[in-house]
Amino acid sequence: MKKLEATTGYKVITDWLAIGDRKPFTFQKETWQHIADGESGLVNAPTGCGKTFSVFLGSLIQFINQHPNDYKTKKKSGLQLLWITPLRALAKDIGRAMEQVIGDLDMQWRIGIRNGDTALAERTRQKKQMPEVLIITPESLHLLLGQKEYAQTFQTLKIIAIDEWHELLGSKRGVQVELGISRIVSSQLAVGSWQLAVVSQQSAPDDCRLTTADCSLSIWGISATVGNLEEAKEVLLCPLQKEGVIVKSNMEKAIEIESIIPDEIEKYPWAGHLGIKLAEKVIPIIQQSRTTLIFINTRGMSETWYQKLLDICPDLAGSIALHHGSIDMELRTWVEENLHSGNLKAVVCTASLDLGVDFRPVETVIQVGSPKGVARFLQRAGRSGHSPDAVSKIFFLPTHSLELAEAAALKQAIKEKIIESRPPMILCYDVLIQYLNTLAISDGFRPEEIYKELINTYCYKDLTQKEWEQILYFISSGGNALQQYDEYKKTEIEDGVYKIKSRKLAMRHRLHIGTIVSESMMKVKFISGGYIGVIEEWFISRLQPGDVFTLAGRNLEFVMIKEMTAFVRKSNSKKSIVPSWQGGRMPLSANLGRKLRETFDRKSSSRKQNQETEIELEVLEPLFALQEKLSQVPKQNELLIEQIETKDGFHLFVYPFEGRLVHEAMAAILAYRISKITPITFSFAMNDYGFELLSDQPIPVDDTNVYELFSPDNLLIDIQRSVNSTEMARRKFRDVAVIGGLIFQGYPGEKKKARHLQSSASLLFNVFSEYEPDNVLLRQAYQEVLDQQMEEVRLRDMLHRIQASNIILTFPERLTPFCFPIKVDSMREDLSSEKLEDRVRRMQLQLEK
Amino acid sequence: MTRLLSHIIHDEHFVISSERTLFWENQRALIVADLHVGKTGHFRKSGISVPQSVYKDDLHRLLSQILFFKAEKLIIAGDLTHSVANLEMDLFRKWRNDFPMLDVHLAKGNHDILDNKWYAEANIQVHNDPLEIGRFSFIHDISDADETPNGPFIFSGHVHPTIVLRGKAKQTLCFPCFYFTNTFCILPAFSRFTGGYRIEPQRGDKVFAIAEKEILAL
């Protein structure tokens, strides 16, 4: 590190830090050295440990070293650092912090922000003269690629930083980042080659085309710990074709976890999602700490919690707030600012506060219900106790009794440092189609060039020539058509360059970028004026005028819908419907599932030996005793299956503890396999612990066939045959169709005509399935079902595990503590092997009874 | 194979077909609603690549229904076309010209926004007011009809009705359907590129669901 320390840049920066009595952390110095060496890589550090400065100050050092004499006066240096961040809200604070440094150093760098909120005037200014640092979201980066002559913008760029990469990795926005990087890397090289050619007076620039190895661009990801850190780095650096380095901070935060235990476990509900009965116990925690964040898993429940806390402790009024994704941006910003200044005693929030700037006053975090994964739990815990040596304090509040076992499992997992991986997405045709159209609205693209870039990305490295041709065909001729009666128009080919020439189509596409969120949302406004937030359209559509619902902590009476806005007035009614927002139902992670199985095992063996275990497991004793009496508590190497008959029909409960998605898939497959034995129709329900098949006839599962029913053989074929994959694909198709540009969401000023372009994803799904079954987007929907919805890899692992374990069949005479939460869960799916007509006839008979 | 079911209203004989049409025997008239001709074209022109074969198939189905019943008259209860003119409508006109003897009536719907000239050239009689034949009347949107006691029985479209069947163990299925009350009928949308609206029948109403190739009387 000698070399770095001798440089002017290093001296300038460390001198500046010294004024504030600060010294660089080792990982920061390490990163600066790598940046000075032109390396790329990944910085792994928890939030609040100065990870922003690791890359940003590195970039400043680099600049100062390149201009040691005039770094203070040098203006208009062009874009130096592109800072990609997943959240708009983060941009402002990071920008402020950067500006502070620039000001202190007396430099001329400008810091720009580019996202959906950036004003048109500012964008134009940026186009004329790019600031030295541009803080941008993945969507806005793509919009930038949709501008004419975008390549010029990136010519001076030295570093691309991707902040909170762990949040983007594994999502389609992460794929957008990959594509953005690949284009910037190549466009820099292309411009560079051209300049070389001019210098060397050669006529054909191709002769001296630079390769990625010549690229002077550095790429730096900044990420919290994930299970697949190596892969996280590889995904980012793929387009550079470089190995890169991982810089780890050695700072570790101490975490204290405490469960909130119901006074009488016998009276605490066996099932539920809300945990509101324990609200009383939350009040003293709030009162004893400076500021408390209360994490609730869904927006609907957070509304209920907010109300409840105010009801039982009216003193909190004015010092407690609500924060979730459907609340008006302004209100959210207000909450965030007051969190900063310490004016709030408590905030009830959802994943909306998972990310984002640090709120120093936060001393305590309460997690209500299962956090579903170790990483998420850690991240939330980390929101408290912000100075590097403070302890993070998190309380776990169970929403039903069995969840206490999850708390014990979490503690164990954290002790053993088991963190989930975020597998990156591969071959997303929808994002690719959107990207190609984006390039087509700017300077156009040449397929042979882009294909070369694509197979250098992680996401599309396995894209075959054939698939590529299908995609080009899709965007240029729109698939299946009636030649002379077709007027399909989107991307046109001109001298081998793919372009969108219609201004109207280009404008629509521009509005379309960034629509990676799907469910159609409706604005909610007061009839007297004033915006409250957004709510899912399907929820509003079920309301009658006069109905009262809760949003943003207020009771609102629904008046009418006009132009995609729901108008409401204030209501004093005591009763109200709490909206349930779809989505946000994360499955239990594989790691946590495994820990949970181990926990049950530990509990049952300690019972036999009369040993003490964790407090959470001790208080659950009555529940375990009942479960043991009625059925059994499964050991780590056992799979428990319970068969119970009630007035609803015949139930089969299975407990793999693999998360709701795997259970949904397994339920479908099991139902299909059983239905091959006899024609039978099921409906099923599942939660994170297990699933249920319910039928109106006895379910033929016994110890003669049970291992075969859980066999990993023919898994793929059985998945495809289980009717449900169609239904699951139909749901996935909504997202895919929106991103791929099949669903037109309309834009201001085009209301009337736009109505004639509306169709539901479900209808499009039917039409494609019947008339163009090999459509790439349709295929992608099915692939996504396999990869994400079914978590095929995890499913297969589970089946192998089950084959190697004991399957235990019990026949309890009534519902057990284990099955109860599943029974109550209302999300149900159908699967049938009976002929449609027979099924309908039987349903009719039931109707008539 | 087309499934058929006969149904009698005001002593007149009608045949319900699983291809989403209704045939009136006495008048030798095929009754349909919501063809939405040009919908795929309209989407494609705007860069949304819906397969055009849906439209082709719709035309084929209409053709085979006309031939099957040997219909002399085609009554459309509104929404023949989807939006502004495009080439797909030319194909429809060409198709129409292959049946010069077929008498085509259109009870105008909210999507029928083409110039009068177009209908005239396509030899289609457009009815802005309800079309009345004997004790029967045709209109696009039933909510625009003046229902009078002892008035004509009304055929309509517009709604694209679907029906949800529920069974034990919380099973559900959803199908397009014909919806009959004592005074009116709502036909299913003929085009397969149409969404649906779930109807909730009252006591005494009759619903005929179309489950793939089957007709189910409920």
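Read-outs throughout are calculated quantities, based only on the coordinates presented, and are distinct from any laboratory measurement. Quick caveat: nothing in here was measured; it's all calculated off a predicted structure. Because the Cβ atoms are built from the backbone with ideal geometry, glycine has one as well, and the counts that use them run over all protein chains shown.
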Please enumerate, by chain and number, the lysines with C-alpha under 16 Å from the C-alpha of B:LYS56, excluding those fewer than 8 residues away in the same chain. B:LYS39, B:LYS94
Along chain A, longest interval not containing exposed GluC sites (Glu not before Pro), exposed being DSSP loop plus at most 16 other Cβ atoms within 10 Å: A:265-415
For n ≥ 4 DSSP H runs only, could you compute -39500 (n - 2.57) per run for the protein assembly as shown, divide by its residues and tell me the 222 nm figure to the nearest 500? -11500 deg cm²/dmol
Full extension from A:SER711 to A:GLU280: what is 0.36 nm times the residue separation minus their Cα-Cα distance, to one decimal in nm? 150.4 nm
Could you work out how much longer the chain between A:GLN484 and A:GLN636 gets when fully extended? Use 0.36 nm per residue separation minus the Cα distance between them, nm to one decimal. 48.2 nm
Evaluate peptide B:51-61: per residue, the Cβ atoms of other protein chains within 10 Å of its Cβ; return the mean as an integer. 5
Search the structure for amide H atoms under 5 Å from the amide H of B:ASN123, placed 1.01 Å from N in the peptide plane, and list their residues when 5 or more places away or on another chain. none
Lysines with Cα under 16 Å of B:LYS70, excluding same-chain neighbours fewer than 8 positions away: none
What number, in nm² with one decimal, is the all-direction average of the projected area of the convex hull of the alpha-carbon atoms of the protein assembly as shown? 47.6 nm²
Partner shielding of A:763-775, taken as the mean number of other chain Cβ atoms within 10 Å, equals 4
Roughly how crowded by other chains is peptide A:484-495, in terms of the mean Cβ count from those chains within 10 Å of each of its Cβ atoms? 5
Under 12 Å Cα-Cα from A:LYS461, which aspartates and glutamates qualify once same-chain neighbours fewer than 8 residues away are excluded? A:GLU178, A:GLU453
Label-point separation in nm, A:THR726 to A:TRP334, each point 7 Å along Cα→Cβ: 5.0 nm
Could you pull out the pairs from A:LYS417/A:LYS732; A:LYS242/A:LYS452; A:LYS595/A:LYS676; A:LYS92/A:LYS732; A:LYS29/A:LYS452 whose alpha carbons sit more than 25 Å apart here? A:LYS417/A:LYS732; A:LYS595/A:LYS676; A:LYS92/A:LYS732; A:LYS29/A:LYS452
Cα-based Rg of chain B normalised by 2.2 N^0.38 Å, two decimals: 0.99
Area projected by the alpha carbon convex hull of the stretch B:1-70, averaged over all directions, nm²: 5.3 nm²
Label B:ILE113 and A:GLN803 with points 7 Å out from Cα along Cα→Cβ: what is the distance between them in nm? 6.0 nm
What is the calculated FRET efficiency for A:ASP106 to A:ALA6, with r their C-beta to C-beta distance and R₀ = 35 Å, to the nearest 0.05? 0.95
Please work out how much length the chain gains when fully extended from A:SER762 to A:PHE526, using 0.36 nm per residue of separation minus the C-alpha to C-alpha distance, in nm with one decimal. 81.8 nm
With label points set 7 Å from each Cα along the Cα-to-Cβ direction at A:VAL793 and A:GLU99, the distance between them in nm comes to 4.3 nm
Phi to ³J(HN,Hα) by Karplus 6.51 cos²θ - 1.76 cosθ + 1.60 over the stretch B:51-56, Hz, x for Gly, Pro: x, 6, 5, 4, 5, 4
Placing +1 on each Lys and Arg Cβ and -1 on each Asp and Glu Cβ in chain A, then taking the dipole about the Cα centre, the residue among A:SER182, A:HIS142, A:PRO131 whose Cα reaches farthest towards the positive end is A:PRO131
Choose one of B:VAL84, B:PRO51, B:ASN110: the residue whose Cα lies farthest towards the positive end of the charge dipole of the stretch B:23-130 (beta-carbon charges +1 Lys, Arg; -1 Asp, Glu; about the Cα centre). B:PRO51
Given H placed on each backbone N at 1.01 Å, which residues far from A:VAL43 in sequence or on other chains put an amide H within less than 5 Å of it? A:GLY221, A:ILE222, A:SER223, A:VAL247
I'd like the Karplus ³J(HN,Hα) series for the stretch A:251-257: coefficients 6.51, -1.76, 1.60, θ = phi - 60°, whole numbers in Hz, and an x wherever there's a Gly or Pro. 6, 10, 9, 7, 10, 10, 10
Out of A:GLN636, A:PHE650, A:ALA625, whose Cα points farthest toward the positive end of the dipole of the stretch A:607-665 (charges: +1 Lys, Arg; -1 Asp, Glu; placed on Cβ)? A:PHE650
Under Karplus coefficients 6.51, -1.76 and 1.60, residue-wise ³J(HN,Hα) of the stretch A:468-482 in Hz, glycine/proline x: 4, 5, 4, 5, 4, 5, 4, 7, 9, 10, x, x, 2, 8, 9
Using unit Cβ charges (K, R positive; D, E negative) and no other charged atoms, how large, in debye to the nearest 20, is the dipole of chain A about its Cα centre? 2420 debye
